[in-house]
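J.: Mind having a look at this structure? Questions to follow.
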Amino acid sequence: MAKGRAKYACSECGTVCAQWVGQCPGCKAWNTVEEEQIIAHPRISRKGGSDASGVALVARKAEVRPLIEYVETSIERLPTGEEEFDRVLGGGLVPGAVVLLGGEPGIGKSTLAMQTAMRAQGKILYVTGEESPEQVRLRADRLGELESRLLILPETSIDAIVEAVQVEQPQLLIVDSVQTLHSSRVESAPGSVAQVRESTAELLLAAKPMQLPVLLIGHITKDGALAGPKVLEHMVDVVLTFEGDRHHAFRILRASKNRFGSTNEAGIFEMQQQGLLPVANPSDVLLGNGVSGENGGASGTALAVAIEGARPIMVEVQALVSTAVYGTPQRSVTGYELRRLHMLLAVLEKRCGFKIGASDVFLNIAGGLKIGDPALDLSIVAAALGSSLDMAVAPKTAFAGEVGLTGEVRPVSRLEQRAREAARMGIERFVVSGLGRSKIALPKGLKLIEVSRVSDLQRVIF
Ligand code: TYD
Ligand code: MG
């Protein structure tokens, strides 16, 4: 085997060091520097030029031109055949763009990739490094009719994959997953920082000149970051994450980076027997008939109008406040940020005089969706209040407001859009911030109830 030169690189930021150090000099993280072996390679070079990662530079003349000469051409996008997926991408896959799709195991990454492979136009090459072709076939059969233009390649060697791409010239390349790839130029094991980075770099180098869109599936670590080097996210054009609770049917697809579109869009899917189905009106499915309090007007629930991507969604927030059985009270959350709940409970205690410091508090966003919109704050406070007082919020009431540390209720964005959604779902009372609100056109049948402080809430909602 060729004698390699060892180098050390940080798995977080990619900083290269000459020797191993405990703390990365770049990002100051501890124990992230790992050894990697790059095998010396003869490379095409222009007077020995190569970039920092050792990727060979193709010998061609540097061309400097005024920017004004580059006229904007509209990008031909390849629709994925999935409306929700296209929405997040900004209208479809862009030729030559590499899309990284991350998510927890079992969330449906391979399912989404296979659906795309079956519904997008043209010849598609699906590289599987995790499952056998028979396993992939089993899933595909559940999703619909197979056509012969869908090619499968069980392979993990990047050189073999690039060669297959050059021979087959597909319109779309799907790789499941990036963690299984290995390049002969790096000695470390598949899935290691160096391998993931090098394999992706080689894939990029092959895909760009061919104008080939690539969908790369990536795993996610325990704390929700994409496994592999952080630099991976810098290298690719689009980073998408698939979120949701594995035991629930709903999934949200979000973009955290998109060089060809907005990162404000979100796609909502429901996992069914026949694959991932788009959810056009999430509120309808999420709420069922909970709007008018038909489930007995239970205490501890409140409805909120959140915005996911560009769309309003009505969700049901459930809170349970009960005396702690053990010494230390528990706080647990599904679908919202735990730290945010801690903050809201502290505000409730300090500003409303509610002694819930010694109580267990459980919070649940019904349906298994993970919501990031702080407009949910007000409904969470209302639900927690309701549960601790054992009183039900008045029927046909919804909330949208952010809660600040001094106990003030702050206005939220796109109130008019939220109000329309609330009215559409049959809400009659909409509780919002009374602070510095801009004028909105109110839909018919909807009454605004303004609160400026969380301490006013108790007076108006029960
Ligand atoms: P999968 O796409 O393999 O997840 P990932 O690649 O992210 O690990 O599938 C996730 C789950 O979805 C799996 O447990 C089975 C389920 N599933 C359905 O419910 N319906 C379907 O049609 C398919 C294909 C999968
Ligand atoms: Mg998979």
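J.: Filter region 94-151 for residues that are more than 18 Å from the chain's Cα centre (by Cα) and of a type in the set (Asp, Glu); which is nearest to residue 208 (Cα to Cα)?
T.: 130
J.: Look through region 362-399, keep the residues that are in contact with a Leu (Cβ under 6 Å, 6 or more places away or on another chain) and part of a strand (DSSP E or B), and return whichever of them is surrounded by the fewest Cβ atoms within 10 Å (Cβ to Cβ).
T.: Only one residue tops the list, namely 362.
J.: Quick one: how many residues across region 156-176 are surrounded by fewer than 24 Cβ atoms within 10 Å (Cβ to Cβ) and within 16 Å of ligand 2 (Cβ to nearest atom)?
T.: The total comes to 2.
J.: Among the residues of region 210-224, is any over 27 Å from residue 253 (Cα atoms), more than 16 Å from ligand 2 (Cβ to nearest atom) and in contact (Cβ under 8 Å) with a residue 60 or more places away in the chain?
T.: Within region 210-224, one or more residues are over 27 Å from residue 253 (Cα atoms), more than 16 Å from ligand 2 (Cβ to nearest atom) and in contact (Cβ under 8 Å) with a residue 60 or more places away in the chain.
J.: For region 86-114, which positions are on the phi < 0 side of the Ramachandran plot, away from ligand 2 (no atom under 13 Å from the Cβ) and not in a strand (DSSP E or B)?
T.: 86, 87, 88, 89, 94, 95, 97
J.: If you don't mind, another one. Just one of (1) within 20 Å of residue 317 (Cα to Cα); (2) outside any strand (DSSP E or B); (3) not small (Gly, Ala, Ser) trips up residue 416, so point out which.
T.: It is condition (1) that residue 416 fails.
J.: Taking region 140-158, which residues are part of a helix (DSSP H, G or I) and within 19 Å of residue 218 (Cα to Cα)?
T.: Result: 158, single match.
J.: Any idea which residue in region 163-201 is modelled with the lowest pLDDT, counting only those that are part of a helix (DSSP H, G or I) and more than 25 Å from residue 136 (Cα to Cα)?
T.: Filtering first and then ranking leaves 193.
Let's see how each residue does on (1) within 23 Å of residue 167 (Cα to Cα); (2) more than 9 Å from ligand 1 (Cβ to nearest atom); (3) modelled with pLDDT of 95 or more:
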site	(1), (2), (3)
87	no, yes, no
90	no, yes, no
95	yes, yes, no
102	no, yes, no
110	no, no, yes
113	yes, no, yes
121	yes, yes, no
124	yes, yes, yes
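J.: Give the residue that is nearest to ligand 2 (Cβ to nearest atom), with candidates limited to residues of region 115-127 that are assigned to a strand (DSSP E or B) and of a type in the set (A, V, I, L, M).
T.: Applying the filter and picking the extreme gives 127.
J.: Same structure, new question: Exactly one of (1) in contact with a Ser or Thr (Cβ under 9 Å, 6 or more places away or on another chain); (2) farther than 23 Å from residue 452 by Cβ is unmet by residue 328. Its number?
T.: (1)
J.: Out of all the residues in region 128-140, which are away from ligand 2 (no atom under 12 Å from the Cβ) and surrounded by 15 or more Cβ atoms within 10 Å (Cβ to Cβ)?
T.: Of everything in region 128-140, just one residue is away from ligand 2 (no atom under 12 Å from the Cβ) and surrounded by 15 or more Cβ atoms within 10 Å (Cβ to Cβ), namely 140.
J.: Separate question: Residues of region 384-414 being among the hydroxyl-bearing types (Ser, Thr, Tyr) and within 28 Å of the chain's Cα centre (by Cα), which ones?
T.: First, the residues of region 384-414 that are among the hydroxyl-bearing types (Ser, Thr, Tyr): 387-388, 397, 406, 413.
The answer is 413, and nothing else.
The values are calculated or read from the model by the stated rules, or taken from the named source; none is laboratory data. Quick caveat: nothing in here was measured; it's all calculated off a predicted structure. Because the Cβ atoms are built from the backbone with ideal geometry, glycine has one as well, and the counts that use them run over all protein chains shown.
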